[in-house]
Every structure is written in C-alpha cells, then in structure tokens.
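Chemist: Supplied in structure tokens, the structure appears directly below.
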Number of protein chains: 4
Amino acid sequence: TAIPVLDHGFIRVIDYMGDDSAVVQAARVSYGRGTKKVSEDSGLIRYLMRHRHSTPFEMCEIKFHIKLPIFIARQWIRHRTANVNEYSARYSILDNEFYLPAPEHMAAQSASNRQGRGDTLDAETAQQVMELLRDDAARCYRTYEHLLDTDKGPGLARELARMNLTLNAYTQWYWKVDLHNLMHFLSLRIDPHAQYEIRAYAEAMLDILRAWVPVTAEAFQDYRVGAFTFSASML
Amino acid sequence: TAIPVLDHGFIRVIDYMGDDSAVVQAARVSYGRGTKKVSEDSGLIRYLMRHRHSTPFEMCEIKFHIKLPIFIARQWIRHRTANVNEYSARYSILDNEFYLPAPEHMAAQSASNRQGRGDTLDAETAQQVMELLRDDAARCYRTYEHLLDTDKGPGLARELARMNLTLNAYTQWYWKVDLHNLMHFLSLRIDPHAQYEIRAYAEAMLDILRAWVPVTAEAFQDYRVGAFTFSASML
Amino acid sequence: TAIPVLDHGFIRVIDYMGDDSAVVQAARVSYGRGTKKVSEDSGLIRYLMRHRHSTPFEMCEIKFHIKLPIFIARQWIRHRTANVNEYSARYSILDNEFYLPAPEHMAAQSASNRQGRGDTLDAETAQQVMELLRDDAARCYRTYEHLLDTDKGPGLARELARMNLTLNAYTQWYWKVDLHNLMHFLSLRIDPHAQYEIRAYAEAMLDILRAWVPVTAEAFQDYRVGAFTFSASML
Amino acid sequence: TAIPVLDHGFIRVIDYMGDDSAVVQAARVSYGRGTKKVSEDSGLIRYLMRHRHSTPFEMCEIKFHIKLPIFIARQWIRHRTANVNEYSARYSILDNEFYLPAPEHMAAQSASNRQGRGDTLDAETAQQVMELLRDDAARCYRTYEHLLDTDKGPGLARELARMNLTLNAYTQWYWKVDLHNLMHFLSLRIDPHAQYEIRAYAEAMLDILRAWVPVTAEAFQDYRVGAFTFSASML
Ligand SMILES: Cc1cc2nc3c(=O)[nH]c(=O)nc-3n(C[C@H](O)[C@H](O)[C@H](O)COP(=O)(O)OP(=O)(O)OC[C@H]3O[C@@H](n4cnc5c(N)ncnc54)[C@H](O)[C@@H]3O)c2cc1C
Ligand SMILES: Cc1cc2nc3c(=O)[nH]c(=O)nc-3n(C[C@H](O)[C@H](O)[C@H](O)COP(=O)(O)OP(=O)(O)OC[C@H]3O[C@@H](n4cnc5c(N)ncnc54)[C@H](O)[C@@H]3O)c2cc1C
Ligand SMILES: Cc1cc2nc3c(=O)[nH]c(=O)nc-3n(C[C@H](O)[C@H](O)[C@H](O)COP(=O)(O)OP(=O)(O)OC[C@H]3O[C@@H](n4cnc5c(N)ncnc54)[C@H](O)[C@@H]3O)c2cc1C
Ligand SMILES: Cc1cc2nc3c(=O)[nH]c(=O)nc-3n(C[C@H](O)[C@H](O)[C@H](O)COP(=O)(O)OP(=O)(O)OC[C@H]3O[C@@H](n4cnc5c(N)ncnc54)[C@H](O)[C@@H]3O)c2cc1C
C-alpha cells in the first residue's frame, strides 16, 4: 500500500516500533512511582511536547520505502538523524523515469522571496517548459543507455555513465527515523518555505503520522506546526 | 522475562523491529536488480560485516529496560548513538539497593594495567571490603531518607538529597539502539579491557543478539570479536 | 582564567574556532552570489536564528575544561551532540572534594513541582543538612582511601573502590561542542526547570557566549531564551 | 591556496582547531595524574589509535571549502557526522561547469566487480564518450539558462529549473568535521572500493592530514589504511 507522491514517486511504511503508548511508557520510567498526577496519557504527551522533553518520542521508530527525484533526495538527506540505504547506481541501472512538474506547480521565480517560487505559469508556457524538461531528460537517458551498452556502445562503467542523468531522475531508498526526528523533519519540510516537491512527501508522511500516533500528531500540530513564537523584543 | 545481571540488576527486551532478514532487505535496495549474485542471505550479511557496510545493520532496532549501578550507567551513557529515558531522582525516590561485588569479583588493583583489576582478594579480605561498602552505602541511604523526610527530617528537595547516595546505587532506564551501534557497543564492552560489571551486561546482551539475529551475531563474532588486526608495520 | 562555579567547580575555555563572522561566511556559501539583499551581518544572523536555519551555527566550535559534581555530570552527559574526555577513576584517584550547597541553595522539595525545589531551608536546618552531607561524603572518602591502600588496606582496584564515593564528588572533563548545539544545551539548562547546580554552569557559559559571539548571543537571547511560543489552540 | 581536484573542483582548508598535541592533552585529562607511563606523545597517540580510543581524536576539528560534482556530493553527504553548508540552487544560479573524466579515468564496467570499473577505454572511444557527456551537459545547461530567463524565456523558479542539470554539474560547500570522523571518512573513501572521483578528494585530504597532524596521520596509516584484519575463522 504505497502512497503515490508526485508523478512517479511513492512512500510506503515498511515497519514501525512503538506508538503513542510507547512514548508514555518511556516517560513513566523517568517519573517512576511519582506518575500518578499526570496520569492521563494524552495529557502527558502534550506536556512532553510543550516542554520539549523530546527523548520519550525517540522511543518510537518507523521505516519507509521512498521513491523520489534526485534533487529532492539531496534536500532530504541533509537530515542526518536517520538511517538510509539507497539504490546504488554504481551497482544497478536507473529506470527511465523523471519528475516533470504538473502544470499547476510550474511557477515563475518569486520576486519577493529569492528562495521560492511565485506565480504559476500560464498553461501554454507551462506546456513548453514541460516539453523542454522532458526532451532533455529523455535525451540524456538515451545517451546513458548507449554509454552502458556493451554491444553497440562503449560499455562505460555504471558509476560513470550515471553522471549523464538529469537531477529529476528518480532514486529510491529505505529511510528509518525515530518519532522525534521525524517530527523535526516534518516541521521543517511541511513549512511553506520548503520546496513544494519535498512538501508533497512531508504531507503524505503527516497523514501516516496521524494514523500511527494520533495523540502525538495532534500535540505536534498544536505546539509545532500551528504554533507561533514571539521573540523577546516582540513581547 | 528479565535476565538478572549482578546482584540487583537486570536487562529485559521491551520491543524490537526487524531481524536478519531486514538487514538483507535493506542491502537489496542498494543492490537493486543486481542482487542475484550474492543471493544467499547469510553470505550477504557476512559480506556486509566484512566490508564494514554498516548502514544495513542500522535498519534493525531494539529497546531494552535495564537496571544497573550508577557507576556503570556513567560508562554506558558515553555511547551517544542511542535513545535513553532514565528514572528521575529529581522526581522520584531511589530504592535502597546497592551493588556489592561477589567475592570472586573483589580484586586488587592490577600492577601491570593501570586501568584494570588484578588478583582476586582472599576470602577474608573480600568479606571485609564487602562490609565496608555495605556499611557506607546503607548509612548514606539512611541519611538520604532522613533528608527527604518532611516529618522528622528537613524535607530536602529530592534533587539535592540524592547527592548523598553512593555510586553503587542502582538506577534504571529504557535504552534503544540500532543493530549496528549495538554491535559497536558490544565490541567495546565485552572486551577484556572493559570493566567486569559492564561486561556482565554486555554478555547478557550478546546472548540476546544471538537469539534475535543469529546470522548477524555469528558474523559479528567472526569478523569483530574474534578477529585480529595486523598493522601495516606488523605485516 | 577559569571561571569558578559552585564550591569547587570551574569552567575554562581551552580553544575555539570561528566567531560571528564564521556563521555569516558559511551562510553566504549557501546564498552564493545572491546575498546582497541580506548584506548586513547582524541582520543575517538574526534571520538565521529566527528561521531555525541552524547549520551555519554549527560552523563554530568551542572546547571547555570543566570541573563539576558527578550528579550534575550525569545530567550534562545526556547532551549527545558533543565530544567528551573525562577523568578516569579507573586510572586515577579522585580528589577529596565534594559539592556542599551554600545555605541559600538548600531548599525543601517543592510542593507544586514534583521535579524541583521550593522554599529555602531556615539557617539552622540548612546548617544541619550541610553537616550530614559533609559527614557522609567525608566518611565515604576515608573508606575509599582505605580500600585503595596497598599497605594498610586491601589495595582494592580503583575501578571498584570508587563506587564507595557519593554522587557529590567532583569529576572533570574536556567538553567540545558546536555553537548550535551549545545554544541548544543552554536553552535547556538555563531554563528555570533545570536544577540550580547545572544552571550555575550554564549561566557562566552564557557569559562566555556573549564575549565570544556577541551578535549570535543577542539573537539567541531574543529568539530563544526570552521568546514565548503560543500554541495553535492559544492563538 | 586551494588544492585543485578533478577538472574544476578544489579543496581548501578554511580553519582548524587543535593538532596532535590537542589529542594528547585530551587523553591526559582521562589519565589524570597517572600519565607518566605513557609519557611519550607519539606513543600515546599510537596507543589510542591501536585500541580504538577514538574520543580524544574528536577534540580536533577542521573546516574545508570544497567544490565537487553533484554525483560525488551525493556519496559524500552520506557521512552524517559532519557540519555542512551547501551552495543553494534555489537561491542562486549554478555555474556552467561539469565534470568530464580525463581519458585515463574513462573505464568500462568491471566484469568481476558489479560496483566498479574495469579496463580503461581506448583513446578513441574515450574521446567519443567525453563528447557525448559534454554535449548533453552543455545542452541541458543552455535549457537551464533559457528556463531562468525572465526576458526571452519563461523565468522559471530556480528551484525548478535546476532539475534540468546533469549530475556532473559542480556544487560547493563548507564541510566541517572532527579528526576521528575525518579519518573514518578517509578510511572508507581512499579505499580501492570507493569510486575514483571521491578518492581523488580523499587523497588530497590525506595530504592535508599529514601536514596538520603528522603523528596521528602516521598512526592512521599504520593501524587503519595499511592494516589487515584476520577473522576468527582465518586465525
Ligand atoms: C564503497 C562504498 C559503497 C557504498 N555503497 C552504498 C550503497 O550501495 N547504498 C547506500 O545506501 N550506501 C552506500 N554507501 C554508503 C555507506 O552505506 C555509508 O552511508 C557511508 O559510507 C557513511 O558511513 P558511516 O555511516 O559510517 O558514516 P557517518 O554517517 O559519518 O557515521 C559514522 C558513525 O556514526 C554513527 N552514526 C552517525 N549518524 C548516525 C545515525 N543517524 N544513526 C545511527 N548512527 C549514526 C554510526 O556509528 C556510524 O558508523 C557506500 C559506501 C562506500 C564507502
Ligand atoms: C528540565 C529537564 C528535565 C529532564 N528530566 C529527565 C528525566 O526525568 N529523565 C531523563 O531520562 N532525561 C531527562 N532530561 C534529559 C532530556 O531527556 C535530554 O536527554 C537532554 O535534555 C538532552 O537533550 P537533547 O536530546 O535534545 O540533546 P542532544 O543529545 O544534544 O541532542 C540534540 C538533538 O540531536 C539529535 N540527536 C542527537 N543524538 C541523537 C541520537 N542518538 N538519536 C536520535 N537523535 C539524536 C536530536 O534531534 C536531539 O534533539 C531532562 C532534561 C531537562 C532539561
Ligand atoms: C575500555 C574503555 C576505557 C575507556 N576509558 C575512558 C576514559 O578514561 N575517559 C573517557 O572519557 N572515556 C573513556 N572511555 C569511553 C570512550 O572514550 C567512548 O566514549 C565510549 O567507548 C563510546 O564510544 P563511541 O564514542 O565510539 O560510541 P558512540 O558515542 O555510540 O559513537 C559511535 C560513533 O558515532 C559517531 N558519533 C556519535 N556521536 C558523535 C558526536 N557527538 N560527535 C562526533 N561523532 C559522533 C562517532 O563516529 C562514534 O565513533 C572508555 C571506553 C572503554 C571501552
Ligand atoms: C527551507 C529550507 C532551506 C534550506 N536552505 C539551505 C541552504 O541554502 N543551504 C544548505 O546547506 N542547507 C539548507 N537547508 C538545510 C538545512 O540547513 C538543514 O541541513 C536541514 O534542514 C536539516 O536540519 P537539521 O540539521 O536540523 O536536521 P538533522 O540533521 O536531522 O539534525 C537534527 C539535530 O540533530 C543534531 N545533529 C545531528 N547531526 C549532527 C552533527 N553531525 N553535528 C552536530 N549536530 C548534529 C543537531 O542538533 C540538529 O539540529 C535548508 C533547509 C530548509 C528547511
């Protein structure tokens, strides 16, 4: 039951360990015999979230299988508190699949935000852009196949030939992370400052979060995603 | 089913995720379509261990409940690649339990190894040492109880009173780690250079490892524990 | 020039790398040719802090020599994103020095906060508590010395004898951390929820922070320490 | 004084903290008064390396400015124990520079090693491959420029346009790491199993290592790079 993301990507839960009750259980180790007062589980989880007592959330773990464009994988991998095994393009041949933005996501450079996109392109321009992207990706892939060809081509090493692919080629990996660091990832990547394409994955993972640890997900929504911090000088 | 360790300690598996086949599964993501050659699972695990391809071993996770003396907890916590929730002596009262070495583990300072123990003490001396340790621990604990007493004592804050306990008092925690870093922990802590008391826990965990991931445990034994490295100048 | 903390502790800067300008320099790598707009350094640092762009702050590093009571070292070491070398009580003999709270820090258990202290004890009770703490620590230390004695005592291994010391004995270590994780440490440990004794160290380090990276320290004060987060439901 | 690597890349030391003597200094904290026996610094460093006492090596830190092809950056970034700030292709425009292997590094896929290269291509074939790579990279870059063009092109957002570049485009970053994890990186990346292009950087860094911490570098060479581990069953 993989959740489709973008045109050829997906995200799929492989396994997980623990849930809301495992967070509570770990917190109760700390509080020992003294826990009667914060006895309601949901209250305890909200308390931990509010006070940034993050270590009980590290007691849950989840493992995903993800297929995603390389330029998004490059943003994703910057989150170091995770475990990763990626498809090896030294070992195997990458598929002939490329991310091509849907027309509604084809946007011009933002004038106000140097690191973001602005207005959507008109339908015709979007179509032209799509064709340019497709043509270059396809041509590069044909060259890649030719380079690898041991019969009619030079039989170039896979680890070299792959450099001819464009950054919208798809890769895949197993990605395993604890619940605390997953929420840290989500808080940075569902944010409007994050690029749409990684946000699409983050949104899918937020749905998974809600199904997996509903109480934690609600506290996360309340104290992280929807929260607002006033600085000392604002107060 | 807690495994007893030392006089009052224990180690108990709370949960785990993945096993030998999860290591293989993750490695196969990397190798993609090209895996036929190393098709035998055990061979692949041994290959990964031999070549220090450690990330597939990070795909398994295990969570323990551990009770251990504080001076051993201080060694253990130095392993940073784990998740921990410890009993809080600010929040709760520690039990009246102390580690007292069994006579066969009462040893003199080693003459040759500044960081280790040498000959076992004779029975009578061992008995005397045990009594000295017990008396001090017990007296300190009585003072602790008195300090906490809000009735006949000063009702001192728990976070302060605990400083009167000796380092052989027991604490407990949940400790969660991935398989790669668990083996790194074990390789350092079942080593003869490690202090006997932490080795006792490591040995119990090695048994758990063997039951949990038998193929990985055997490769670990072969390529880490029982291996020997020759330096360039020795070769 | 060690800064004294508590009765026998201290904190001393051994070395550091980078300062405010190194944060800016690293951020400018990201922004490349496009940096003209946020050209003012202080504005850029404040922008990074506000938007939790924490990686440029990881580009500075600082190394301390710290002497601290063991029960505080146990809290401190929970911060895993640091590098540590601690005095070895397996290898060497610990000094006859113990933390004894000053009368103004001798407080009763808080009635409202299970994990904190409440009213200060009256002078006489504080004095009595101090004597109880001192007597037990001193007696335990005398036993420790006797246990180590190869002449008139059993010559017990150092790694065993140390278990007889109380948790207010002092240890020391080198502790090295990057600027981002130092601020994370400080935000948790100068907080009123943190125990007074670790707060005393955190306060001393905050002074060091102000001298080392004044612009960053001010932004930290404004956006972390003095800030307040409103949850979604509060807003 | 940047060291050139590959056709357009480089590696440059920005700053560092500590050297061989800082390793020794940190180790001596652990050994306290007991250090007289291993008094010779070089002997102590070799002892630490041999016994995998890695934390004293974490006390040194080094920061590089590196320019490298994206497909190599993707391998490099898998080393999580480092601090990174990368040039942002969301914020700025990437240069028109691509890695093109020199003829002597144009090699066919290895027949025996699925993850490596075999025989060098003959001069003519190498030349043809180079032209194919150059043409595709150049054409993709021209499209990239056109896509960004707000005048004659669609003015596509930079974060989207960049997906049209090939994986041999160059990026750059600041990369900071401690000495222990630098050696871990080097041991994996100067290894013959590593791809030539990342090995080229690792070799340049090994030279830097030798100049920076000569005693550590020699111990590293002796106990890691040039060492050989015999498994239990081999022994
Ligand atoms: C020849 C070669 C071939 C490779 N082939 C592949 C491949 O096909 N597919 C693939 O995906 N990768 C591949 N890799 C990458 C490899 O799996 C590692 O990701 C990379 O070598 C970094 O090693 P590391 O994890 O030890 O380093 P670091 O990330 O620097 O970690 C060093 C140590 O720190 C600890 N650590 C750091 N971060 C964490 C964390 N978040 N969780 C737990 N422990 C942590 C671990 O103990 C780790 O060993 C290959 C590497 C080499 C050298
Ligand atoms: C007031 C107070 C009360 C506390 N009470 C208790 C208690 O009762 N019981 C108890 O056990 N602890 C208690 N703690 C300790 C607390 O749970 C944390 O261990 C400590 O504050 C360190 O925080 P940290 O994990 O964010 O820091 P660091 O370990 O420095 O980590 C910083 C960040 O790096 C990442 N990270 C680093 N290492 C890992 C890793 N191995 N795996 C995954 N992510 C990693 C995480 O994102 C983490 O948030 C208390 C702390 C405070 C301040
Ligand atoms: C016999 C013995 C004697 C010892 N004596 C002493 C002593 O006298 N004094 C003393 O202080 N310690 C001593 N230690 C502790 C030792 O220095 C280590 O702290 C401990 O063994 C944990 O090892 P580790 O750092 O490899 O494990 P982990 O902390 O689990 O780390 C595993 C790997 O992950 C990476 N990593 C994780 N966190 C970080 C981080 N924050 N920064 C950079 N890299 C990171 C590193 O590559 C590291 O090797 C001793 C240990 C043993 C086994
Ligand atoms: C909108 C946006 C724009 C961005 N723009 C850029 C850009 O222009 N250039 C750029 O280079 N990056 C950019 N990034 C990436 C960003 O700098 C982070 O690398 C990324 O968000 C991962 O965050 P993290 O480090 O908190 O996560 P993780 O790596 O998961 O770390 C979580 C926490 O663990 C601790 N930690 C983990 N590993 C280490 C370690 N090795 N050393 C010290 N502490 C550690 C730290 O406390 C850290 O905060 C951007 C990110 C976002 C969301």
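The values are calculated or read from the model by the stated rules, or taken from the named source; none is laboratory data. What you see is a predicted model, and the numbers here were worked out from it, not measured in a lab. Glycine gets a Cβ as well: all are built from the backbone with ideal geometry, and neighbour counts include every protein chain shown. What goes into the accessible areas is simple: the full protein's heavy atoms, side chains included, and nothing from ligands, DNA or RNA. Shrake-Rupley method; radii C 1.70, N 1.55, O 1.52, S 1.80 Å.
Chemist: Being in contact with a Lys or Arg (Cβ under 9 Å, 6 or more places away or on another chain), away from chain A (no Cβ under 13 Å) and within 13 Å of ligand 3 (Cβ to nearest atom) is the filter here, so list the residues in region B:35-70 that pass it.
Modeler: Result: no residue meets the conditions.
Chemist: Another question about this same structure. Quick check: anything in region D:158-172 under 14 Å from the mean Cα position of the chain (by Cα), more than 7 Å from chain A (Cβ to nearest Cβ) and within 16 Å of ligand 1 (Cβ to nearest atom)?
Modeler: no
Chemist: Further question on the same structure: Return the residue satisfying two criteria in turn: it lies in region B:129-154 and is more than 31 Å from the chain's Cα centre (by Cα) and free of Cβ contacts under 8 Å to residues at least 12 places away in the same chain, and of such residues it is nearest to C:HIS146 (Cα to Cα).
Modeler: B:HIS146
Chemist: Quick check on my filter: what residues within region A:173-194 are touching a strand residue (DSSP E or B) at 6+ places or on another chain (Cβ under 6 Å) and within 12 Å of chain D (Cβ to nearest Cβ)? Steps first, answer last, please.
Modeler: The first filter runs over region A:173-194 and keeps only residues touching a strand residue (DSSP E or B) at 6+ places or on another chain (Cβ under 6 Å), leaving A:173-176, A:178.
Result: A:TRP173, single match.
Chemist: Going residue by residue through region C:91-105, is there one that turns out to be among the aliphatic types (A, V, I, L, M) and open to solvent by less than 20 Å² (accessible area, probe 1.4 Å)? Break it down stepwise before answering.
Modeler: Let us first name the residues in region C:91-105 that are among the aliphatic types (A, V, I, L, M), namely C:93-94, C:100, C:102.
Now drop any that are not open to solvent by less than 20 Å² (accessible area, probe 1.4 Å), which leaves C:94.
Yes, region C:91-105 contains a residue that is among the aliphatic types (A, V, I, L, M) and open to solvent by less than 20 Å² (accessible area, probe 1.4 Å).
Chemist: How many residues does region C:173-196 contain that are touching a Phe, Trp or Tyr at 6+ places or on another chain (Cβ under 7 Å) and either away from ligand 3 (no atom under 16 Å from the Cβ) or under 20 Å from A:ARG52 (Cα atoms) (or both)?
Modeler: Counting residues in region C:173-196 that are touching a Phe, Trp or Tyr at 6+ places or on another chain (Cβ under 7 Å) and either away from ligand 3 (no atom under 16 Å from the Cβ) or under 20 Å from A:ARG52 (Cα atoms) (or both) gives 3.
Chemist: Do we have A:ARG117 as in contact (Cβ under 8 Å) with a residue 40 or more places away in the chain, out of contact with any strand residue (DSSP E or B) (no Cβ under 8 Å at 6 or more places or on another chain) and within 21 Å of D:ALA161 (Cα to Cα) here? Spell out how you get there, then give the answer.
Modeler: On the way: in contact (Cβ under 8 Å) with a residue 40 or more places away in the chain: yes; out of contact with any strand residue (DSSP E or B) (no Cβ under 8 Å at 6 or more places or on another chain): no; within 21 Å of D:ALA161 (Cα to Cα): yes.
Spelling it out, it is not the case that A:ARG117 is in contact (Cβ under 8 Å) with a residue 40 or more places away in the chain, out of contact with any strand residue (DSSP E or B) (no Cβ under 8 Å at 6 or more places or on another chain) and within 21 Å of D:ALA161 (Cα to Cα).
Chemist: Now for a separate question. Could you pull out every one of the strands (runs of 3 or more DSSP E) wholly within region C:117-235 that has 1 or more residues that are of a type in the set (Lys, Arg) and open to solvent by less than 30 Å² (accessible area, probe 1.4 Å)?
Modeler: Values: elements: C:117-120, C:170-178, C:228-230.
Strands (runs of 3 or more DSSP E) meeting the threshold: C:170-178.
Chemist: Has region A:72-83 got at least one residue that is open to solvent by 50 Å² or more (accessible area, probe 1.4 Å), hydroxyl-bearing (Ser, Thr, Tyr), within 16 Å of ligand 1 (Cβ to nearest atom) and touching a residue at least 60 places away in the same chain (Cβ under 8 Å)?
Modeler: Looking for residues that are open to solvent by 50 Å² or more (accessible area, probe 1.4 Å), hydroxyl-bearing (Ser, Thr, Tyr), within 16 Å of ligand 1 (Cβ to nearest atom) and touching a residue at least 60 places away in the same chain (Cβ under 8 Å), one finds at least one in region A:72-83, hence yes.
Chemist: Here's another thing I want to ask about it. So if I check each of B:LEU179, B:LEU160, B:LEU156, which one is closer than 30 Å to B:VAL215 by Cα, more than 16 Å from ligand 4 (Cβ to nearest atom) and not β-branched (Val, Ile, Thr)?
Modeler: Values: B:LEU160 fails: closer than 30 Å to B:VAL215 by Cα; B:LEU156 fails: closer than 30 Å to B:VAL215 by Cα.
So the residue among B:LEU179, B:LEU160, B:LEU156 that is closer than 30 Å to B:VAL215 by Cα, more than 16 Å from ligand 4 (Cβ to nearest atom) and not β-branched (Val, Ile, Thr) is B:LEU179.
Chemist: Among the residues of region C:104-111, are any more than 16 Å from ligand 4 (Cβ to nearest atom), in contact (Cβ under 8 Å) with a residue 60 or more places away in the chain and either in contact with a helix residue (DSSP H, G or I) (Cβ under 6 Å, 6 or more places away or on another chain) or hydroxyl-bearing (Ser, Thr, Tyr) (or both)?
Modeler: Yes: one or more hits.
Chemist: Within region C:81-99, does at least one residue satisfy the condition of being more than 16 Å from ligand 2 (Cβ to nearest atom), more than 30 Å from B:ASN113 (Cα to Cα), more than 14 Å from chain D (Cβ to nearest Cβ) and under 21 Å from the mean Cα position of the chain (by Cα)?
Modeler: First, the residues of region C:81-99 that are more than 16 Å from ligand 2 (Cβ to nearest atom): C:85-99.
From what is left, the residues that are more than 30 Å from B:ASN113 (Cα to Cα) are C:99.
Narrowing further to those that are more than 14 Å from chain D (Cβ to nearest Cβ): C:99.
Then drop every residue that is not under 21 Å from the mean Cα position of the chain (by Cα), which leaves C:99.
Taking every residue of region C:81-99 in turn, at least one turns out to be more than 16 Å from ligand 2 (Cβ to nearest atom), more than 30 Å from B:ASN113 (Cα to Cα), more than 14 Å from chain D (Cβ to nearest Cβ) and under 21 Å from the mean Cα position of the chain (by Cα).
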